[in-house]
Amino acid sequence: MEIYQFEKLKAWQKAKELAIAIYQLVTKFPQYEQFAISSQLRRAAISVPSNIAEGTGRISAKEKIHFLEISYGSLLESYCQLEIAMELNYISADDLTAIKPLFFETSRLISGLRNSYNSVP
């Protein structure tokens with residue numbers, strides 16, 4: 001079976017895992033938040049692996065890095081929104097503690113991938 005190049009990337013795999021975990025956490029949010037923070041959080045979370053994938057389709061290292069930077073920004077946005085959700089008691093501190101290592105691992109992998117493109121002339 002053929003796969004796309006981005007599917008081989010650990011950064012994309014981990015980002016996809018994180019997006020799925022966030023989607024599962026959002027089910028704990030109150031119904032009235034369906035079109036507010038939960039919607040924004042789902043968009044930010046899905047943006048992380050999506051921009052990694054889109055960036056791999058670009059030709060220049062500069063363009064690839066640009067999409068990784070967008071991905072990283074969406075990663076931080078997602079974390080910020082989960083912090084707020086915890087403060088609003090939509091999720092527990094334990095929920096945030098449990099998912100936080102996925103954020104750090106995804107962050108590390110995106111940064112490593114970005115650095116690998118930086119070294120390309």
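The values are calculated or read from the model by the stated rules, or taken from the named source; none is laboratory data. This structure is a prediction, so every number in the text was calculated from the model and none was measured. Methodologically, a virtual Cβ is constructed for each residue, glycine included, from the backbone with ideal geometry; neighbour enumeration extends over all protein chains shown. Side chains are part of the model used for accessible areas, which takes the heavy atoms of the whole protein and leaves out ligands, DNA and RNA. Shrake-Rupley method; radii C 1.70, N 1.55, O 1.52, S 1.80 Å.
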message = When the residues of segment 15-36 are narrowed to those that are closer than 25 Å to Leu113 by Cβ and of a type in the set (Val, Ile, Thr), which ends up most open to solvent (accessible area, probe 1.4 Å)?
response = Ile20
note = Among Ser71, Ser38, Ser60, the single one that is closer than 20 Å to Glu105 by Cα, out of contact with any Pro (no Cβ under 6 Å at 6 or more places or on another chain) and not hydrophobic (A, V, I, L, M, F, W, C) is Ser71
